[in-house]
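The values are calculated or read from the model by the stated rules, or taken from the named source; none is laboratory data. Bear in mind the structure is a predicted one, so any value in this text is a computation, not a measurement. Here the Cβ positions follow ideal geometry from the backbone for every residue, glycine too, while neighbour counts run over all protein chains shown. Areas reflect the complete protein model, heavy atoms only, side chains present, ligands, DNA and RNA absent. Shrake-Rupley method; radii C 1.70, N 1.55, O 1.52, S 1.80 Å.
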Amino acid sequence: MDGLSETDLEIRRRAREFVDTLIPYEVETELAGGILRPELVEEHHEEALRRGLYATNMPTSVGGPGLTALQQVLVQEQVGRVTNGLAWCLHTPPQWWVEVATEEQLERWVRPAVRGERHECYAITEELAGSDVSALATTARRDGDDYVVNGTKWHVTSYNVADYCFVQAVLTDGPHAGEHVLLVVDLPTPGIEVVRTPAYSHHIADEHPIVSFTDVRVPASQLVGAEGAGMTFAQDWFRFERVMVAARCVGASARLVDEMTTFAGTRIVNGRPLGEHQLVTAMLADSATELFAARAALYEVARSIDAGEDRAVLHARASMVKLLCSETAGRIADRAVQVFGGRGYMRENVAERMYRELRVERIWEGASELQRLIVGRQLLKRGAPTVLGT
Ligand SMILES: Cc1cc2nc3c(=O)[nH]c(=O)nc-3n(C[C@H](O)[C@H](O)[C@H](O)COP(=O)(O)OP(=O)(O)OC[C@H]3O[C@@H](n4cnc5c(N)ncnc54)[C@H](O)[C@@H]3O)c2cc1C
(Lines give C-alpha, C1' and ligand atoms only; values in the text may rest on other atoms or scores of the structure.)
Protein backbone atom coordinates (compact mmCIF):
# COMPACT_ATOMS: atom_id res chain seq x y z
CA MET A 1 0.00 0.00 0.00
CA ASP A 2 1.40 3.45 -0.99
CA GLY A 3 4.72 1.70 -1.77
CA LEU A 4 5.41 1.41 1.96
CA SER A 5 7.66 -1.29 3.38
CA GLU A 6 6.60 -3.67 6.16
CA THR A 7 8.60 -1.54 8.64
CA ASP A 8 6.91 1.65 7.41
CA LEU A 9 3.49 0.06 7.79
CA GLU A 10 4.31 -1.19 11.29
CA ILE A 11 5.43 2.30 12.38
CA ARG A 12 2.31 3.84 10.92
CA ARG A 13 0.11 1.23 12.65
CA ARG A 14 1.90 1.82 15.97
CA ALA A 15 1.39 5.59 15.70
CA ARG A 16 -2.22 5.24 14.62
CA GLU A 17 -3.11 2.89 17.46
CA PHE A 18 -1.63 5.27 20.01
CA VAL A 19 -3.28 8.33 18.50
CA ASP A 20 -6.64 6.52 18.50
CA THR A 21 -6.35 6.31 22.30
CA LEU A 22 -6.01 10.13 22.47
CA ILE A 23 -9.07 11.03 20.40
CA PRO A 24 -11.57 10.28 23.22
CA TYR A 25 -10.02 13.12 25.28
CA GLU A 26 -10.55 15.82 22.65
CA VAL A 27 -13.86 17.26 23.81
CA GLU A 28 -12.90 17.25 27.49
CA THR A 29 -9.67 19.09 26.60
CA GLU A 30 -11.41 21.55 24.29
CA LEU A 31 -13.98 22.51 26.90
CA ALA A 32 -11.23 22.88 29.53
CA GLY A 33 -9.45 25.45 27.33
CA GLY A 34 -6.82 22.97 26.16
CA ILE A 35 -5.86 21.67 29.59
CA LEU A 36 -5.85 17.93 30.11
CA ARG A 37 -5.65 16.36 33.56
CA PRO A 38 -1.94 16.25 34.62
CA GLU A 39 -1.97 12.51 35.32
CA LEU A 40 -3.14 11.90 31.73
CA VAL A 41 -0.50 14.25 30.30
CA GLU A 42 2.14 12.24 32.14
CA GLU A 43 0.61 8.94 31.05
CA HIS A 44 0.57 10.00 27.37
CA HIS A 45 4.18 11.20 27.57
CA GLU A 46 5.31 7.87 29.06
CA GLU A 47 3.29 5.92 26.52
CA ALA A 48 4.79 7.86 23.59
CA LEU A 49 8.27 6.99 24.91
CA ARG A 50 7.37 3.37 25.59
CA ARG A 51 6.00 2.88 22.07
CA GLY A 52 9.14 4.34 20.46
CA LEU A 53 7.19 7.24 18.97
CA TYR A 54 9.02 10.05 20.76
CA ALA A 55 11.82 12.03 19.06
CA THR A 56 11.33 10.04 15.86
CA ASN A 57 13.40 12.65 14.02
CA MET A 58 16.52 12.10 16.12
CA PRO A 59 19.43 9.99 14.81
CA THR A 60 20.67 6.89 16.62
CA SER A 61 23.98 8.69 17.37
CA VAL A 62 22.17 10.65 20.12
CA GLY A 63 19.83 7.87 21.22
CA GLY A 64 16.96 8.48 18.79
CA PRO A 65 15.23 5.83 16.70
CA GLY A 66 16.75 7.19 13.46
CA LEU A 67 13.61 6.91 11.35
CA THR A 68 13.66 7.78 7.67
CA ALA A 69 11.97 11.01 6.57
CA LEU A 70 9.09 8.97 5.15
CA GLN A 71 8.62 7.15 8.47
CA GLN A 72 8.68 10.46 10.36
CA VAL A 73 6.00 11.74 8.01
CA LEU A 74 3.89 8.64 8.67
CA VAL A 75 4.05 9.33 12.41
CA GLN A 76 3.32 13.07 12.09
CA GLU A 77 0.41 12.30 9.78
CA GLN A 78 -1.18 10.44 12.68
CA VAL A 79 -0.39 13.36 15.03
CA GLY A 80 -2.47 15.56 12.74
CA ARG A 81 -5.59 13.39 13.19
CA VAL A 82 -6.09 14.62 16.75
CA THR A 83 -7.22 18.06 17.86
CA ASN A 84 -6.16 20.22 20.81
CA GLY A 85 -2.48 19.29 20.51
CA LEU A 86 -3.14 16.03 22.33
CA ALA A 87 -0.67 14.22 20.08
CA TRP A 88 2.07 16.80 20.61
CA CYS A 89 3.31 14.25 23.14
CA LEU A 90 4.91 12.64 20.05
CA HIS A 91 7.43 15.44 20.25
CA THR A 92 10.26 16.12 17.78
CA PRO A 93 13.30 17.83 19.40
CA PRO A 94 15.72 20.00 17.38
CA GLN A 95 17.41 17.45 15.11
CA TRP A 96 19.25 20.20 13.16
CA TRP A 97 21.33 20.82 16.30
CA VAL A 98 22.99 17.38 16.39
CA GLU A 99 25.55 18.13 13.70
CA VAL A 100 26.83 21.37 15.25
CA ALA A 101 26.32 20.77 18.98
CA THR A 102 29.40 20.70 21.21
CA GLU A 103 29.89 17.67 23.48
CA GLU A 104 28.67 19.80 26.41
CA GLN A 105 25.54 20.80 24.47
CA LEU A 106 24.86 17.18 23.46
CA GLU A 107 25.12 16.05 27.06
CA ARG A 108 23.22 18.93 28.63
CA TRP A 109 20.36 19.38 26.14
CA VAL A 110 20.26 17.12 23.10
CA ARG A 111 20.41 13.65 24.68
CA PRO A 112 18.05 14.55 27.56
CA ALA A 113 15.63 15.99 24.97
CA VAL A 114 15.69 12.67 23.09
CA ARG A 115 14.96 10.83 26.35
CA GLY A 116 11.96 13.14 26.89
CA GLU A 117 13.53 14.77 29.97
CA ARG A 118 13.97 18.27 28.50
CA HIS A 119 11.75 20.36 26.23
CA GLU A 120 12.67 23.33 24.04
CA CYS A 121 10.93 26.44 22.75
CA TYR A 122 11.92 28.90 20.01
CA ALA A 123 12.11 32.66 20.49
CA ILE A 124 12.69 34.04 16.98
CA THR A 125 9.65 36.09 15.86
CA GLU A 126 9.24 39.69 17.05
CA GLU A 127 6.53 42.30 16.83
CA LEU A 128 8.14 43.79 13.71
CA ALA A 129 9.93 40.69 12.38
CA GLY A 130 7.91 37.61 11.45
CA SER A 131 7.97 36.58 7.80
CA ASP A 132 11.08 38.70 7.38
CA VAL A 133 13.43 37.21 9.97
CA SER A 134 16.25 39.46 8.75
CA ALA A 135 14.41 42.40 10.42
CA LEU A 136 15.08 41.09 13.95
CA ALA A 137 15.82 43.82 16.51
CA THR A 138 16.85 41.65 19.48
CA THR A 139 20.54 42.17 20.12
CA ALA A 140 23.40 40.04 21.46
CA ARG A 141 26.43 41.96 22.75
CA ARG A 142 29.64 40.12 23.64
CA ASP A 143 30.84 40.92 27.17
CA GLY A 144 33.79 38.79 28.39
CA ASP A 145 32.76 35.12 28.25
CA ASP A 146 29.07 35.96 27.88
CA TYR A 147 26.61 37.31 25.34
CA VAL A 148 24.16 39.87 26.74
CA VAL A 149 20.75 39.59 25.09
CA ASN A 150 18.08 42.32 24.91
CA GLY A 151 14.77 42.23 23.04
CA THR A 152 11.19 41.03 23.03
CA LYS A 153 9.95 37.90 21.28
CA TRP A 154 6.42 37.05 20.19
CA HIS A 155 4.45 33.78 19.92
CA VAL A 156 6.99 31.70 21.88
CA THR A 157 5.20 28.37 21.57
CA SER A 158 5.51 25.96 24.51
CA TYR A 159 7.33 28.50 26.72
CA ASN A 160 5.11 27.39 29.61
CA VAL A 161 6.17 23.75 29.28
CA ALA A 162 9.76 24.24 28.07
CA ASP A 163 12.87 24.22 30.20
CA TYR A 164 15.22 25.67 27.59
CA CYS A 165 14.86 28.20 24.82
CA PHE A 166 16.57 29.04 21.54
CA VAL A 167 16.84 32.76 21.05
CA GLN A 168 17.92 34.37 17.77
CA ALA A 169 19.55 37.80 17.94
CA VAL A 170 21.61 40.28 15.94
CA LEU A 171 25.26 40.71 16.97
CA THR A 172 26.11 44.30 17.90
CA ASP A 173 29.89 44.03 17.67
CA GLY A 174 32.85 41.91 16.62
CA PRO A 175 33.73 40.57 13.16
CA HIS A 176 30.16 39.34 12.59
CA ALA A 177 28.40 42.53 13.72
CA GLY A 178 24.96 42.79 12.09
CA GLU A 179 24.75 39.02 11.54
CA HIS A 180 22.65 36.58 13.56
CA VAL A 181 23.46 34.25 16.42
CA LEU A 182 21.37 31.46 17.85
CA LEU A 183 21.86 30.94 21.57
CA VAL A 184 20.45 28.27 23.86
CA VAL A 185 19.40 29.37 27.32
CA ASP A 186 17.93 27.48 30.26
CA LEU A 187 14.57 28.45 31.70
CA PRO A 188 14.27 30.14 34.03
CA THR A 189 17.24 32.51 33.63
CA PRO A 190 17.39 35.98 35.24
CA GLY A 191 16.15 38.68 32.84
CA ILE A 192 13.72 36.45 30.89
CA GLU A 193 10.11 37.33 31.67
CA VAL A 194 6.65 36.78 30.23
CA VAL A 195 5.20 40.13 29.13
CA ARG A 196 1.75 38.63 28.57
CA THR A 197 0.10 35.45 27.32
CA PRO A 198 -2.45 36.25 24.58
CA ALA A 199 -5.37 33.92 23.86
CA TYR A 200 -5.32 32.23 20.44
CA SER A 201 -7.98 30.59 18.25
CA HIS A 202 -7.06 27.03 19.26
CA HIS A 203 -7.28 25.55 22.73
CA ILE A 204 -3.99 23.81 23.40
CA ALA A 205 -2.02 23.42 26.64
CA ASP A 206 1.11 24.90 25.04
CA GLU A 207 0.90 28.70 25.30
CA HIS A 208 2.48 31.29 22.96
CA PRO A 209 3.49 34.18 25.24
CA ILE A 210 5.31 37.39 24.46
CA VAL A 211 8.65 37.10 26.26
CA SER A 212 11.15 39.84 27.08
CA PHE A 213 14.91 39.42 27.40
CA THR A 214 16.52 42.13 29.53
CA ASP A 215 20.32 42.02 29.92
CA VAL A 216 20.18 38.23 29.85
CA ARG A 217 23.69 36.82 30.25
CA VAL A 218 24.29 33.71 28.14
CA PRO A 219 27.69 31.98 28.36
CA ALA A 220 29.51 31.88 25.01
CA SER A 221 29.60 28.06 25.34
CA GLN A 222 25.84 28.23 24.68
CA LEU A 223 26.30 29.59 21.18
CA VAL A 224 24.78 27.16 18.68
CA GLY A 225 27.23 26.59 15.83
CA ALA A 226 29.13 29.72 14.85
CA GLU A 227 28.51 33.46 14.95
CA GLY A 228 26.71 34.49 11.78
CA ALA A 229 25.15 31.03 11.32
CA GLY A 230 21.86 31.85 13.06
CA MET A 231 19.92 32.09 9.81
CA THR A 232 21.23 28.76 8.51
CA PHE A 233 19.71 26.89 11.45
CA ALA A 234 16.42 28.66 11.02
CA GLN A 235 16.44 27.49 7.37
CA ASP A 236 17.22 23.89 8.37
CA TRP A 237 14.49 23.93 10.97
CA PHE A 238 11.98 25.43 8.53
CA ARG A 239 12.73 22.80 5.90
CA PHE A 240 12.10 19.98 8.37
CA GLU A 241 9.11 21.56 10.04
CA ARG A 242 7.38 22.53 6.80
CA VAL A 243 7.30 18.88 5.71
CA MET A 244 5.98 17.89 9.14
CA VAL A 245 3.31 20.62 8.99
CA ALA A 246 2.29 19.13 5.64
CA ALA A 247 2.13 15.66 7.21
CA ARG A 248 -0.08 16.85 10.07
CA CYS A 249 -2.35 18.65 7.59
CA VAL A 250 -2.73 15.44 5.59
CA GLY A 251 -3.59 13.57 8.80
CA ALA A 252 -6.15 16.22 9.77
CA SER A 253 -7.66 16.10 6.27
CA ALA A 254 -7.91 12.30 6.45
CA ARG A 255 -9.71 12.45 9.78
CA LEU A 256 -12.15 15.02 8.39
CA VAL A 257 -12.84 13.06 5.22
CA ASP A 258 -13.50 9.95 7.37
CA GLU A 259 -15.80 11.80 9.75
CA MET A 260 -17.78 13.70 7.14
CA THR A 261 -18.21 10.60 4.98
CA THR A 262 -19.60 8.65 7.94
CA PHE A 263 -21.93 11.50 8.83
CA ALA A 264 -23.10 12.00 5.25
CA GLY A 265 -23.80 8.28 4.98
CA THR A 266 -26.06 8.14 8.02
CA ARG A 267 -27.72 11.53 8.33
CA ILE A 268 -31.07 11.43 6.53
CA VAL A 269 -32.28 14.63 4.87
CA ASN A 270 -35.37 14.75 2.67
CA GLY A 271 -35.71 10.99 3.00
CA ARG A 272 -32.23 9.93 1.91
CA PRO A 273 -28.66 10.01 3.17
CA LEU A 274 -27.10 13.45 3.03
CA GLY A 275 -24.21 12.13 0.92
CA GLU A 276 -26.61 11.18 -1.86
CA HIS A 277 -27.58 14.81 -2.37
CA GLN A 278 -25.26 15.60 -5.22
CA LEU A 279 -24.06 18.99 -3.96
CA VAL A 280 -22.86 17.20 -0.81
CA THR A 281 -21.49 14.26 -2.82
CA ALA A 282 -19.32 16.78 -4.65
CA MET A 283 -17.94 18.16 -1.37
CA LEU A 284 -16.97 14.66 -0.29
CA ALA A 285 -15.46 13.82 -3.68
CA ASP A 286 -13.46 17.05 -3.93
CA SER A 287 -12.13 16.58 -0.41
CA ALA A 288 -11.09 12.96 -0.97
CA THR A 289 -9.47 13.79 -4.31
CA GLU A 290 -7.48 16.72 -2.93
CA LEU A 291 -6.42 14.65 0.09
CA PHE A 292 -5.24 11.81 -2.16
CA ALA A 293 -3.12 14.21 -4.25
CA ALA A 294 -1.70 16.01 -1.20
CA ARG A 295 -0.67 12.74 0.45
CA ALA A 296 0.99 11.48 -2.76
CA ALA A 297 3.01 14.71 -3.04
CA LEU A 298 3.95 14.56 0.65
CA TYR A 299 5.29 10.98 0.42
CA GLU A 300 7.16 11.89 -2.77
CA VAL A 301 8.93 14.78 -1.03
CA ALA A 302 9.76 12.58 1.97
CA ARG A 303 11.24 10.02 -0.40
CA SER A 304 13.34 12.70 -2.11
CA ILE A 305 14.73 13.69 1.32
CA ASP A 306 15.63 10.04 1.99
CA ALA A 307 17.23 9.82 -1.46
CA GLY A 308 19.59 12.68 -0.51
CA GLU A 309 18.23 15.24 -2.99
CA ASP A 310 20.03 18.61 -3.23
CA ARG A 311 19.32 20.98 -0.27
CA ALA A 312 18.06 23.88 -2.38
CA VAL A 313 15.71 21.62 -4.33
CA LEU A 314 14.42 20.16 -1.05
CA HIS A 315 13.88 23.70 0.24
CA ALA A 316 11.53 24.37 -2.70
CA ARG A 317 9.79 21.01 -2.37
CA ALA A 318 9.27 21.45 1.38
CA SER A 319 7.59 24.78 0.58
CA MET A 320 5.51 23.18 -2.16
CA VAL A 321 4.06 20.50 0.13
CA LYS A 322 3.57 22.89 3.04
CA LEU A 323 1.64 25.19 0.73
CA LEU A 324 -0.32 22.39 -0.91
CA CYS A 325 -1.22 20.41 2.22
CA SER A 326 -2.07 23.39 4.45
CA GLU A 327 -4.27 25.03 1.81
CA THR A 328 -5.91 21.67 1.07
CA ALA A 329 -6.62 21.04 4.76
CA GLY A 330 -8.15 24.52 5.08
CA ARG A 331 -10.55 23.83 2.21
CA ILE A 332 -11.45 20.38 3.55
CA ALA A 333 -12.12 21.73 7.05
CA ASP A 334 -14.36 24.40 5.59
CA ARG A 335 -16.35 21.79 3.64
CA ALA A 336 -16.51 19.50 6.68
CA VAL A 337 -18.17 22.24 8.73
CA GLN A 338 -20.65 22.72 5.89
CA VAL A 339 -21.45 19.00 5.61
CA PHE A 340 -22.06 18.78 9.38
CA GLY A 341 -24.33 21.84 9.19
CA GLY A 342 -25.24 23.30 12.61
CA ARG A 343 -23.39 20.46 14.33
CA GLY A 344 -20.25 21.56 12.54
CA TYR A 345 -20.40 24.87 14.41
CA MET A 346 -20.38 23.18 17.83
CA ARG A 347 -17.11 23.00 19.70
CA GLU A 348 -17.78 19.36 20.50
CA ASN A 349 -17.58 18.58 16.78
CA VAL A 350 -14.20 17.70 15.28
CA ALA A 351 -14.85 19.79 12.16
CA GLU A 352 -15.36 22.94 14.22
CA ARG A 353 -12.12 22.37 16.15
CA MET A 354 -10.13 21.51 13.03
CA TYR A 355 -11.54 24.55 11.22
CA ARG A 356 -10.02 26.81 13.88
CA GLU A 357 -6.87 24.82 14.53
CA LEU A 358 -5.85 24.34 10.91
CA ARG A 359 -5.98 28.05 10.13
CA VAL A 360 -2.53 28.66 11.59
CA GLU A 361 -0.94 26.05 9.33
CA ARG A 362 -1.15 28.64 6.53
CA ILE A 363 0.67 31.18 8.69
CA TRP A 364 3.36 29.65 10.90
CA GLU A 365 6.61 28.21 9.62
CA GLY A 366 6.21 30.72 6.80
CA ALA A 367 2.85 31.97 5.49
CA SER A 368 1.52 30.58 2.19
CA GLU A 369 2.65 33.73 0.37
CA LEU A 370 6.23 33.12 1.55
CA GLN A 371 6.10 29.51 0.39
CA ARG A 372 4.98 30.72 -3.04
CA LEU A 373 7.89 33.17 -3.15
CA ILE A 374 10.37 30.41 -2.27
CA VAL A 375 9.00 28.03 -4.90
CA GLY A 376 8.89 30.77 -7.54
CA ARG A 377 12.45 31.90 -6.85
CA GLN A 378 13.79 28.36 -6.99
CA LEU A 379 11.99 27.76 -10.29
CA LEU A 380 13.58 30.86 -11.81
CA LYS A 381 17.01 30.08 -10.37
CA ARG A 382 17.27 26.34 -11.05
CA GLY A 383 14.69 25.69 -13.73
CA ALA A 384 11.42 23.78 -13.47
CA PRO A 385 12.86 20.32 -14.35
CA THR A 386 15.29 20.46 -11.41
CA VAL A 387 12.73 21.64 -8.87
CA LEU A 388 10.12 19.17 -10.09
CA GLY A 389 12.54 16.29 -10.73
CA THR A 390 11.28 15.77 -14.26
C1 LIG B 1 0.14 30.07 17.10
C2 LIG B 1 1.48 30.57 16.65
C3 LIG B 1 2.62 29.99 17.15
C4 LIG B 1 3.88 30.47 16.76
N5 LIG B 1 5.00 29.93 17.33
C6 LIG B 1 6.20 30.52 17.12
C7 LIG B 1 7.36 30.10 17.86
O8 LIG B 1 7.33 29.15 18.64
N9 LIG B 1 8.51 30.79 17.68
C10 LIG B 1 8.61 31.83 16.82
O11 LIG B 1 9.68 32.40 16.71
N12 LIG B 1 7.55 32.23 16.08
C13 LIG B 1 6.35 31.61 16.23
N14 LIG B 1 5.23 32.03 15.53
C15 LIG B 1 5.36 33.13 14.58
C16 LIG B 1 5.11 32.74 13.12
O17 LIG B 1 6.20 32.04 12.60
C18 LIG B 1 4.82 34.06 12.39
O19 LIG B 1 3.52 34.47 12.80
C20 LIG B 1 4.87 33.91 10.88
O21 LIG B 1 6.20 33.69 10.46
C22 LIG B 1 4.33 35.16 10.19
O23 LIG B 1 4.92 36.31 10.70
P24 LIG B 1 4.01 37.53 11.20
O25 LIG B 1 2.94 36.98 12.07
O26 LIG B 1 4.88 38.57 11.80
O27 LIG B 1 3.31 38.06 9.91
P28 LIG B 1 3.87 39.21 8.92
O29 LIG B 1 5.30 38.97 8.59
O30 LIG B 1 3.47 40.53 9.48
O31 LIG B 1 3.02 38.92 7.64
C32 LIG B 1 1.59 39.10 7.63
C33 LIG B 1 1.05 38.50 6.37
O34 LIG B 1 1.56 39.23 5.27
C35 LIG B 1 1.83 38.40 4.18
N36 LIG B 1 3.22 38.58 3.78
C37 LIG B 1 4.29 38.74 4.60
N38 LIG B 1 5.41 38.91 3.87
C39 LIG B 1 5.04 38.86 2.57
C40 LIG B 1 5.74 38.98 1.34
N41 LIG B 1 7.07 39.14 1.29
N42 LIG B 1 5.02 38.90 0.19
C43 LIG B 1 3.68 38.68 0.21
N44 LIG B 1 2.97 38.59 1.35
C45 LIG B 1 3.64 38.66 2.52
C46 LIG B 1 1.46 36.97 4.61
O47 LIG B 1 0.14 36.68 4.20
C48 LIG B 1 1.50 37.06 6.10
O49 LIG B 1 0.62 36.10 6.70
C50 LIG B 1 3.97 31.53 15.84
C51 LIG B 1 2.80 32.10 15.33
C52 LIG B 1 1.57 31.63 15.71
C53 LIG B 1 0.33 32.27 15.17
Legend entry - Probe 1.4 Å, accessible area per residue of the range 271-313, Å²: 55
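With the full set of protein chains in place, find how many percent of the accessible area of the chain is carbon and sulfur; take the probe as 1.4 Å.
Working: 9370 of 17170 Å².
On the chain, the fraction of accessible area on carbon and sulfur atoms equals 55 percent.
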Inset, instruction - Identify the residues of the range 111-151 with backbone N under 19 Å of a label point that sits 7 angstrom from the Cα of Arg311 along the Cα-to-Cβ direction, or state none. - result: 133-134
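Compare Tyr299, Tyr355, Tyr122 by solvent-accessible area with a 1.4 Å probe and give them largest first, with all protein chains kept in place. All intermediate terms of the calculation are to be shown ahead of the outcome.
Details: Tyr299 5, Tyr355 115, Tyr122 45 Å².
These residues rank, largest area first, as Tyr355, Tyr122, Tyr299.
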Legend entry - Size of electric dipole in the chain: Cβ of Lys, Arg +1 and of Asp, Glu -1, about Cα centre, debye, nearest 20: 1220
Legend entry - Percentage of interatomic Cα-Cα distances in the range 32-150 larger than 21 Å: 54
Inset, instruction - For the range 257-287 and the range 192-255, write down the distance between their C-alpha centroids in whole Å. - result: 39
Legend entry - Compactness of the chain as Cα Rg over 2.2 N^0.38 Å, two decimals: 1.01
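Calculate the FRET efficiency for Ile363 and Val195 from the Cβ-Cβ distance with a Förster distance of 22 Å, rounded to the nearest 0.05. Spell out each step's value before the answer.
Details: r = 21 Å, r/R0 = 0.95.
For R0 = 22 Å, the calculated efficiency reads 0.55.
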Legend entry - Accessible-area order (highest first, 1.4 angstrom probe) of the listed residues Tyr147, Tyr200: Tyr200, Tyr147
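Averaged per residue, what accessible area in Å² does the range 1-157 show with a 1.4 Å probe, protein chains only? Please list the in-between numbers first.
Numbers: 6810 Å² over 157 residues.
With all protein chains present, the range 1-157 gives 43 Å² per residue.
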Inset, instruction - Distance from a point 7 Å along Cα→Cβ of Ile23 to each backbone N in the range 266-287: keep the residues under 20 Å and list them by number. - result: 266-267, 275, 284-285, 287
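State, as an integer percentage, the relative contact order of the chain based on alpha-carbon contacts under 8 Å between residues 6 or more apart.
About 15 percent, as a whole number.
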Legend entry - GNM flexibility winner over the chain from Val114, Val156, Val98 (Cα, springs under 10 Å): Val98
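I'd like to check one number: the per residue accessible area of the range 164-268, probe 1.4 Å, reported in Å² as a whole number. Don't skip to the answer; put the middle values down first.
Values: 3870 Å² over 105 residues.
Roughly 37 Å² per residue, with all protein chains present.
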Inset, instruction - Would you look at the GNM of the chain, springs on alpha carbons closer than 10 Å, and say which of Gly63, Gly344, Gly116 moves the most? - result: Gly63
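Identify the GluC sites (Glu not before Pro) of the range 85-159 meeting these criteria: DSSP loop state and at most 12 other C-beta atoms within 10 Å of the C-beta.
Glu99, Glu117, Glu127
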Inset, instruction - Determine, from the Cβ-Cβ distance of Ala282 and Glu39 and an R0 of 51 Å, the FRET efficiency 1/(1 + (r/R0)^6), rounded to the nearest 0.05. - result: 0.65
Inset, instruction - Could you please put Ile363, Ile374 in sequence from largest to smallest accessible area, using a 1.4 Å probe? - result: Ile363, Ile374
Legend entry - Residue-averaged 222 nm ellipticity for the chain, from DSSP H runs of 4+ at -39500 (n - 2.57), nearest 500: -15000 deg cm²/dmol
